[in-house]
């Protein structure tokens, strides 16, 4: 009898199987890591080679925005005469630009800078209007300040005039409704001729009518307008000796303008002391409820707390962070305050997210070349991070991007 | 690689940060109180020591004067909007308005009211009544319209300074019966040609800088100094305008020395614009009497004289040689200077203060002590005689236009401007006051137009209204409707 010593095939023990599986898993993980590293190296190499071929600012090279770096100039909208105001639609597809020269229109552009259309306040000729700031609310309604007539005109997205605020608590529709003792039918055109103290209206199918209007409150000289996150309208007022900031609640703006009687809050006083302002151009608020006022003739930004109490000022002085003639301001979602310095011909950016405002950087320079400014006045940032800057004396709107 | 890349980027940003320009800033205008306690920050609102965008001693931080001025005076940073020619809001105190009303009349006294036109109009648009012949100035009860400027002083230097003809100046060519060379002198203007943004353009009786009406300069840039002076009254206007050529030794004395008929001279635009090389004084002497009893018109005149002509001379009563211009010497001795007979002529300029140092008293020549007020916009211009001051200011460039009421009947022998309407004299009360330049014209610009017949005959441009306040010749009808038999409706 022989004994067969045939070895049975090696049967992996349970522990051996696990080791093989573990090794395989490690190989795969390692391969993935290598592939990932290779991909990163390729990306870095690509960016580096791209930079060497055409040096550009970091934000433009990297796929995601990096904080605390200035934006890059992209291109310009042309075909505007002395642009002084710029704002965009909520869907980021339209840009509205107010002109101070030429025909003095509000022009509508698409994102590429193609002119879509233009409009102007009803019943006015170029010499009868002096358009400045513009803002668009969440409903795509366009608000435009006409400095000449002391009015905040209201248009729909296509430029049809809907109404206008001609005194702190008087709208065109309210005044005309009271005059005709009835509601205004849809399609009624409304306008204002301040030098001759006339309100214009034209009912559908009828001839234009004029009504004498004596402002009930002469302390009314709006200049800059912005919307806050709640849709409240913040506007500056440069009535002599009464320079200040007003806030119209969103509820009043979204209600019937024929019964317009807002509860307006206001703050600030005229002067150059703490908490005082002189020719404020723009005012806006941050996520904490603080207010920032572009204090034009005092060459600074004045900050107020949520309860309108004076907090501090900044941007005053020499050096990179010093403002010459601050005009339009804009706060981005990182709480970086962009200030257009009209005479300095730059945009100065301050970080106001912390306990104290910190200067970050400037961008732009005096001149007429790409990325240079000649009396920039207003600024607007859309939801994609694009900056639009009204470059008045270069007759263009510059587009920058982070 | 990644570290290298970021190191490279950070390095580049660091370099960029180092190369960013440093700017000094703050405050608009200011400059009226340069005291040790006053803030000098205001200087930096317009000027840069090392990073200026304009030269020629201005060191402006902006690329153009007009652009810098209108960054505020477009309605956003000042109440006077020179772009559209309006007061955005009421700007004047009641006292100022009262004095202006006294000078200009009740309607002009409305200047400074919110929504009213700027007295000088605008550079892009103006608010005009246009055609109402009964109201040459703004009246809030009337319908007005704002229209583009069609005639004005071109001051926008954002692209290039454009020389413009200075109508009513220059020499007269008797052959062509036109201004020399067929055209008038030209000047390139900007805001600061007439205005001093520092607010110290005027001078008081002691020669000290003082604020002036609308911060207008003592004399416009380019006018080369004083050409025209006037008596406190209308005495000097008994004769007509200074001839641009020929001798005034006989019947047409110079307007400046008109009351001093014992002296005469042949004058070829002695120190006016554009004719400096044609001085040709042949008479023995001719007295120019300026600024009696104070020196306010004194130094600027000498400055212009020296700068324009390089004049040196000898004080006739002391034989002290003067020049090149020395304001200290002029101030000490400042009475009378005689041009040396180094050319073909002798010329005496008589400045006539009544006081002087004991060691160097004023001359005793009675002609030099004749009272002869020298009213200039910076010297004695105030709101109570604003109309007259503006007339003299304008006349420093448009020097052949200034005329008294007698110019209606007196031949100036200037064939181009032989007879002229009253265009500047001492203010007078009554129902028929003299008129001055600004009664009919806007300094900045006007939207009033002139059709073919009424177009400016000098410019020859159809529609050019010569910055008149009303269309065509409505300005004439404004005062003379009764004279010509018109019935106003």
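Of the strands (runs of 3 or more DSSP E) contained entirely in segment A:85-176, those carrying at least 3 residues that are surrounded by 23 or more Cβ atoms within 10 Å (Cβ to Cβ) and within 12 Å of another protein chain (Cβ to nearest Cβ) fall at A:131-136.
The criterion of at least 1 residues that are more than 11 Å from every other protein chain (Cβ to nearest Cβ) and buried (at least 20 other Cβ atoms within 10 Å of the Cβ) is met, among strands (runs of 3 or more DSSP E) falling completely within segment A:187-282, by A:189-193, A:198-202, A:222-227, A:233-237, A:244-248.
Scanning segment B:67-82 for residues that are more than 7 Å from every other protein chain (Cβ to nearest Cβ) and in contact with a helix residue (DSSP H, G or I) (Cβ under 6 Å, 6 or more places away or on another chain) yields one hit, B:69.
If the condition is being modelled with pLDDT of 95 or more and over 19 Å from the mean Cα position of the chain (by Cα), then segment A:130-150 contributes no residue at all. Residues considered: B:429, B:449, B:425. Of these, the only one that is in a loop (DSSP other than H, G, I, E, B), under 25 Å from the mean Cα position of the chain (by Cα) and modelled with pLDDT of 75 or more is B:449. Would a scan of segment A:301-319 turn up a residue that is at pLDDT below 90, buried (at least 22 other Cβ atoms within 10 Å of the Cβ) and within 14 Å of another protein chain (Cβ to nearest Cβ)? Checked against the condition, which is being at pLDDT below 90, buried (at least 22 other Cβ atoms within 10 Å of the Cβ) and within 14 Å of another protein chain (Cβ to nearest Cβ), segment A:301-319 yields no hits at all.
Of all residues in segment A:354-382, those satisfying the criterion of being away from chain B (no Cβ under 14 Å) and surrounded by fewer than 16 Cβ atoms within 10 Å (Cβ to Cβ) are A:354, A:355, A:356, A:358, A:370.
Considering the conditions (1) crowded, with 24+ Cβ neighbours inside 10 Å; (2) more than 12 Å from chain B (Cβ to nearest Cβ), residue A:351 is excluded by exactly one of them, (1). Candidates B:96, B:162: the one that is within 24 Å of the chain's Cα centre (by Cα), surrounded by fewer than 20 Cβ atoms within 10 Å (Cβ to Cβ) and modelled with pLDDT under 65 is B:96.
Determine if segment A:242-264 includes at least one residue that is more than 18 Å from residue A:166 (Cβ to Cβ) and more than 22 Å from the chain's Cα centre (by Cα). The answer is yes; a qualifying residue exists.
Could you check, for segment A:288-299, whether at least one of its residues is on the phi > 0 side of the Ramachandran plot, touching a helix residue (DSSP H, G or I) at 6+ places or on another chain (Cβ under 8 Å) and either assigned to a strand (DSSP E or B) or within 14 Å of chain B (Cβ to nearest Cβ) (or both)? Taking every residue of segment A:288-299 in turn, at least one turns out to be on the phi > 0 side of the Ramachandran plot, touching a helix residue (DSSP H, G or I) at 6+ places or on another chain (Cβ under 8 Å) and either assigned to a strand (DSSP E or B) or within 14 Å of chain B (Cβ to nearest Cβ) (or both). Being surrounded by fewer than 19 Cβ atoms within 10 Å (Cβ to Cβ) and at pLDDT below 80: is that true of residue B:39 here? Considered against the rule, which asks whether it is surrounded by fewer than 19 Cβ atoms within 10 Å (Cβ to Cβ) and at pLDDT below 80, residue B:39 comes out as yes.
Screening residue A:327 with (1) assigned to a strand (DSSP E or B); (2) over 26 Å from residue A:402 (Cα atoms); (3) within 9 Å of chain B (Cβ to nearest Cβ) gives one miss only, at (2).
The values are calculated or read from the model by the stated rules, or taken from the named source; none is laboratory data. These figures come from a predicted structure and were not determined experimentally. Because the Cβ atoms are built from the backbone with ideal geometry, glycine has one as well, and the counts that use them run over all protein chains shown.
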